[in-house]
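Asker: Below you will find the structure I want to go over with you.
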Amino acid sequence: MGASFREARDRLVLPLDVAELDEAQRLIELLKDDVGVFKVGLELFTAHGPRAVELVREAGARCFLDLKLFDIPATMAGAVGSAIDLGVDYLTLHASAGPTALARCAELAEGTRTRLLAVTVLTSMDEAELRALGHRETPRERVVSLAHLAYESGLRGFVCSPEECAPLREALGPSPVLMVPGVRPEGADKGDQRRVATPTSAISSGASLLVVGRPIRRAADPRAAAQAIVREIEDALGAG
Ligand code: C5P
C-alpha cells in the first residue's frame with residue numbers, strides 16, 4: 001500500500017449503523033484495510049456499549065464515538081472522561097451545550113488521543129425549525145456562530161455538511177478537523193441525504209474526513225466500493 005493511498009484511506013470513515021454486534025464485527029473485519037475510521041453511533045452504543053468501541057480498536061482501526069453529548073457541564077465532563085478512558089479517537093458534543101461545558105470538555109481532552117468534534121446545527125433542521133426554537137439566524141449563520149463559540153472554548157474539530165466546509169475554513173482557518181457526512185460518489189443513490197457532495201468536491205472544499213455509509217455497506221462489493229472512494233480521495237488530495 002503506497003503512502004498516499006494510506007493517507008487517503010485514513011480519511012474515510014465508515015458508520016457502523018447497525019444494532020447487532022456480530023454485524024458490526026463482520027463490517028469491521030471486511031473493511032478494516034480499506035477505511036481508516038469506524039463510527040460507533042447511538043444505535044450500536046446504546047445496544048452494546050464499550051464492547052463496540054473495543055471491537056474497532058482490536059481491529060487496529062481508529063474509532064469515532066458519535067454520541068452528540070448535550071448536558072450540564074459536570075455530566076458532559078464525566079462522559080468525555082469515560083470516552084477518553086475508552087481510547088476513542090473522535091467524540092462528538094453539541095456546541096449548543098455552551099461555553100462553560102465546552103471549555104471544560106476541551107481542557108479534559110487536551111493531550112489525550114481523543115479529538116472532540118463540535119456539532120453545530122443538525123442538517124435535519126431548516127430555517128423554519130430554527131425560528132421555532134427562537135433563533136433569528138439562517139442555518140449557515142448559526143453554524144458559523146456556534147463554530148466560533150466552540151473554537152473560542154478550545155475545540156478544534158467540527159462535524160459539518162459539505163456545503164459548510166468552505167465557510168468554516170474561511171472562519172477558522174486550515175487547522176481544525178472537519179468531519180463531513182453526506183458524501184456520495186457520482187451516480188450513487190442519495191438515500192435520505194438532501195445536500196450531498198462527491199468525495200472530490202468535499203475534499204477540495206476543505207473536508208478532513210469523509211463519512212460514507214450506505215454507498216459502501218449496500219454495494220455488491222463493499223471493499224471495491226470503499227477502495228474506489230479512497231482512490232478518488234487520493235486524486236483529490238494530489239490535485240489540491
Ligand atoms: O449512509 P450514509 O452515508 O448516509 O451515512 C451517513 C452517516 O453520517 C450516518 O451515520 C448518519 O447518522 C451520519 N450523519 C449524517 N448527517 C449529519 C450528521 C451525521 O448523515 N448531518
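The values are calculated or read from the model by the stated rules, or taken from the named source; none is laboratory data. Everything numeric here is computed off the predicted structure, so don't read it as measured data. Positions of Cβ are generated from backbone atoms using ideal geometry, with glycine treated the same way; all protein chains shown enter the neighbour counts.
Asker: Can you name the residue in segment 140-174 that is among the β-branched types (Val, Ile, Thr) and crowded, with 22+ Cβ neighbours inside 10 Å and, of all such residues, is nearest to the ligand (Cβ to nearest atom)? So that I can check it myself, show each step before the final result.
Answerer: From segment 140-174, those among the β-branched types (Val, Ile, Thr) are 143-144, 159; that's our starting set.
Still in the list and also crowded, with 22+ Cβ neighbours inside 10 Å: 143, 159.
On the way: 143: 11, 159: 6 Å.
Per the stated criteria, the residue is 159.
Asker: For residue 125, are the conditions met, namely being part of a loop (DSSP other than H, G, I, E, B) and either modelled with pLDDT of 95 or more or within 22 Å of residue 194 (Cβ to Cβ) (or both)?
Answerer: Criteria met by residue 125.
Asker: Now, a different point. Please go through segment 8-26 and give me each residue that is surrounded by fewer than 21 Cβ atoms within 10 Å (Cβ to Cβ) and out of contact with any helix residue (DSSP H, G or I) (no Cβ under 7 Å at 6 or more places or on another chain), ordered by number.
Answerer: 10, 20, 22, 23, 26
Each row is one residue, and each column tells you yes or no for (1) in contact with a Gly (Cβ under 9 Å, 6 or more places away or on another chain); (2) within 11 Å of the ligand (Cβ to nearest atom); (3) over 12 Å from residue 120 (Cβ atoms).
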residue: 183; (1), (2), (3): no, yes, yes
residue: 186; (1), (2), (3): no, no, yes
residue: 195; (1), (2), (3): yes, yes, yes
residue: 200; (1), (2), (3): no, no, yes
residue: 208; (1), (2), (3): yes, no, yes
residue: 235; (1), (2), (3): no, no, yes
residue: 239; (1), (2), (3): no, no, yes
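Table: residues versus (1) part of a strand (DSSP E or B); (2) at pLDDT below 95; (3) over 27 Å from residue 203 (Cβ atoms).
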site	(1), (2), (3)
14	yes, no, no
46	no, no, yes
54	no, no, yes
60	no, no, no
64	yes, no, no
78	no, no, yes
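Asker: While we're looking at this one, here's another question. Looking at the structure I just gave you, is residue 23 without any contact (Cβ under 8 Å) to a residue 12 or more places away in the chain and at negative phi?
Answerer: yes
Asker: Sticking with this structure for a sec: If you go through segment 37-87 one residue at a time, how many are among the aromatic types (Phe, Trp, Tyr) and touching a Lys or Arg at 6+ places or on another chain (Cβ under 8 Å)? Break it down into steps so the answer makes sense when it comes.
Answerer: The initial filter retains those residues of segment 37-87 that are among the aromatic types (Phe, Trp, Tyr), namely 38, 45, 64, 70.
Filter once more, keeping what is touching a Lys or Arg at 6+ places or on another chain (Cβ under 8 Å): 38, 64.
The number of residues fulfilling the criteria is 2.
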